[in-house]
Amino acid sequence: MAKRKIALFGGTFDPVHLGHTTVAADAAEHIGAEKIIFILAKRSPLKGFPPKANDSHRLKMTALAIAEQKSFEVSDCELKKPAPSYTLETVKQFQTEYGSDTLIHWLVGADSIDDLTYWHQIVELIDVCILTTMYRADFEPPNFAKFEALWGPQRIEKLQQNVIQTPLIDISSTEIRDRLAAGRDVTDMLHPAVADYIRKHGLYQSKK
Ligand code: ATP
């Protein structure tokens, strides 16, 4: 019998934008995942600065962005742990919760590929879940060949087989924060409910 599949999508989501929800929906359909869970990171160990919006705002914005999508969920499991939290621990937690009949995909955008060598216990992570890479505007299509000496040919094949040609959506949270700090419009980059939330709470109004 085919295994159940779920997709986990980690990020700081500061704020969550239409790039995130569009590629996640496309990837979930491609995978045949019954649900996709957005997992808010307390902070990214690889970004040199903490998120600008606090945990509660980021969680609420993500919940608003996915509210109309039946198969989307949001999880605060990493927010509840003392930082830093590691993807491998999160994957293991979900594997225990869902059981061995469920295949877990962990989604990342193509911009994250070069960072993967710095991820905590990356080799074990590649082995225990299906690390699934999505295309991203302004980045080369994912290619893992350069890591072959490091991770071995079988892992490279597994990674390469799980590249999904998601639509190129040229949006980033950085650009949204910069535009908001400059008083510019961002409505075409955000779910309307997220744009309202940002306005109501005066988020991202300054560069600092
Ligand atoms: P920032 O600009 O603050 O770095 P971001 O827009 O990259 O933020 P994150 O919350 O860091 O958003 O991203 C979470 C995940 O979503 C990462 O794996 C990232 O590669 C992926 N991602 C973000 N935006 C896109 C996009 N437009 N297309 C494809 N993947 C994306």
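The values are calculated or read from the model by the stated rules, or taken from the named source; none is laboratory data. Please read all numbers here as calculations on a predicted model, not as lab measurements. Every residue, glycine among them, receives a Cβ derived from its backbone with ideal geometry; neighbour counts consider all protein chains shown.
Would you confirm, using the coordinates I've provided, whether Lys47 is farther than 19 Å from His201 by Cα, modelled with pLDDT of 95 or more and of a type in the set (Lys, Arg)? Please lay out each step first, then the result.
Values: farther than 19 Å from His201 by Cα: yes; modelled with pLDDT of 95 or more: no; of a type in the set (Lys, Arg): yes.
So Lys47 does not fit the description; no.
Can you tell me which residue within region 34-79, out of those that are among the basic types (Lys, Arg) and assigned to a loop (DSSP other than H, G, I, E, B), is farthest from the ligand (Cβ to nearest atom)? Looking at residues that are among the basic types (Lys, Arg) and assigned to a loop (DSSP other than H, G, I, E, B), I get Lys70. When the residues of region 180-201 are filtered to those that are of a type in the set (A, V, I, L, M) and more than 12 Å from the ligand (Cβ to nearest atom), the one that is surrounded by the most Cβ atoms within 10 Å (Cβ to Cβ) is Val194.
Filtered by the rule that a residue be more than 9 Å from the ligand (Cβ to nearest atom), hydrophobic (A, V, I, L, M, F, W, C) and in a strand (DSSP E or B), region 121-179 gives Ile130, Leu131, Val163, Ile164. Of the residues Ala28, Ala24, the single one that is among the aliphatic types (A, V, I, L, M), within 11 Å of the chain's Cα centre (by Cα), closer than 21 Å to Phe94 by Cα and modelled with pLDDT of 95 or more is Ala24. I'm trying to understand the selection: among the residues of region 180-208, which are in contact (Cβ under 8 Å) with a residue 12 or more places away in the chain, among the hydrophobic types (A, V, I, L, M, F, W, C) and in a helix (DSSP H, G or I)? Scanning region 180-208 gives Leu180, Ala181, Met189, Ala193, Val194, Ile198.
Identify, from the list Pro50, Pro82, the residue that is over 30 Å from Asp185 (Cβ atoms) and free of Cβ contacts under 8 Å to residues at least 40 places away in the same chain. Give the steps one after another, and end with the answer.
Details: Pro50 fails: over 30 Å from Asp185 (Cβ atoms).
On inspection, the qualifying residue turns out to be Pro82.
Determine, yes or no, whether Glu97 is of a type in the set (Asp, Glu), under 25 Å from Leu40 (Cβ atoms) and part of a helix (DSSP H, G or I). Yes, satisfied.
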